[in-house]
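The values are calculated or read from the model by the stated rules, or taken from the named source; none is laboratory data. A quick note: this is a predicted structure, and the numbers were derived from the prediction, not measured. Positions of Cβ are generated from backbone atoms using ideal geometry, with glycine treated the same way; all protein chains shown enter the neighbour counts.
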Amino acid sequence: MRIGKTNIVKMFIVSLALLLSGSCFSQFYNKEIVAKIKVEDRGEFLDFSATAENVTPAGHNLRYDFTLFKKDGAGNVTKSSQGNRFYLEPNQKVILSSTQVNRSDEGGIIILLMIYDQDDKPVGKDRLEFKITEESIQEIKEQERQVIALPKDQAKPQDGVIINGLVIENTITKAGRDFYRYFYSEYYNREIVSPQNIEIEEVPGRGRMTRISVSVGDQLVMRFFAQPKKEYLKQIANVTLARVLAQIQRLEQQANNFKHY
C-alpha cells in the first residue's frame, strides 16, 4: 500500500521508537529464539528470507512480523508486512517467509523481523537498512557470510580461510540414498552451516538390512536400520537433522565459551 507524505514522519517516529526500545533491551533478543534475515542475490531481484531458529531443547509457540519499508526516488514510502503464528520444534530452524525487491529500484529500504512468544513478548529481532546500490548490496552480502568460530581443538588455517563442513555421503542402497536426499534437502533449504563435516555412512547390518550412521565430525549423533518406506525415511531424516542441529549448536557454544575465556 502507498503511504502519504503526511504519514511518513509518523511512521518513522514509530519505527525509531521501536528501534530505540530494541537497543535498550537487545540483550534479551536472540537468546533462545534467533531471528535472522537472509539475503540472496538473484540478479534482477534481491530475495530476503525471514528465518527463525530454536536453540533450546524445548518447543515454543511463537508469532512473527516481517515488514518491508521501501522509499522511492520521489520520497514516497510503501509498506508491506507478513506475519503468522507458528510452532518451533526443539533445535529447529525454519524459513518463515520471504519478500523480493527489484535491484533497479531507486531509494532505500528497511526490513524488520520480529518474533514474539505466546505472551506477545519480543524474543527475536533482526533488521536491515540500506540504499539499493551495488556497493551497499555487496556490503550486505558480505555481512551475511556466516563465520562460525572454530572448536578449541581445531587450529586456525595458516591462510586465515575457514572452510565450512561438507555433507559426505557413503551409502550402498536405494534406501540409503533416499535418506541422504531427504536429509540434505532439508539441510540445504534451512541454510544450515556446520563447522565440521557431516558424514552419512551405510554398512551391511543384520540379514538383508543395512545400518546407517550419521556423525558430525567424530561425534555420532544418529544410528538406525534402514527401511525402504518413504514416510519412515522422511521422518528419520527430520529426527536426524534435529540432532545434527543440536550438535552444531553445542560446537558453537563451546567455541564461544573458549573465545570468551
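Across region 210-237, what is the total count of residues that are over 23 Å from the mean Cα position of the chain (by Cα) and either in contact (Cβ under 8 Å) with a residue 40 or more places away in the chain or closer than 14 Å to Arg177 by Cα (or both)?
Within region 210-237, residues that are over 23 Å from the mean Cα position of the chain (by Cα) and either in contact (Cβ under 8 Å) with a residue 40 or more places away in the chain or closer than 14 Å to Arg177 by Cα (or both) number 12.
Under 6 Å by Cβ, and 6 or more places apart or on different chains, what pairs join a residue from region 72-96 that is closer than 19 Å to Tyr116 by Cα with one that is loosely packed, with under 14 Cβ neighbours inside 10 Å?
Once the first residue is closer than 19 Å to Tyr116 by Cα and sits in region 72-96, its partners that are loosely packed, with under 14 Cβ neighbours inside 10 Å give Tyr87/Asn61; Glu89/Gly59; Pro90/Pro57; Pro90/Ala58; Pro90/Gly59.
Is region 207-214 home to any residue that is at pLDDT 90 or above, under 20 Å from Glu89 (Cα atoms) and either touching a His at 6+ places or on another chain (Cβ under 7 Å) or not aromatic (Phe, Trp, Tyr) (or both)?
The answer is no; no qualifying residue exists.
Taking Phe130 as the residue in question, decide whether it is in contact with an Asp or Glu (Cβ under 8 Å, 6 or more places away or on another chain) and modelled with pLDDT of 70 or more.
Yes, satisfied.
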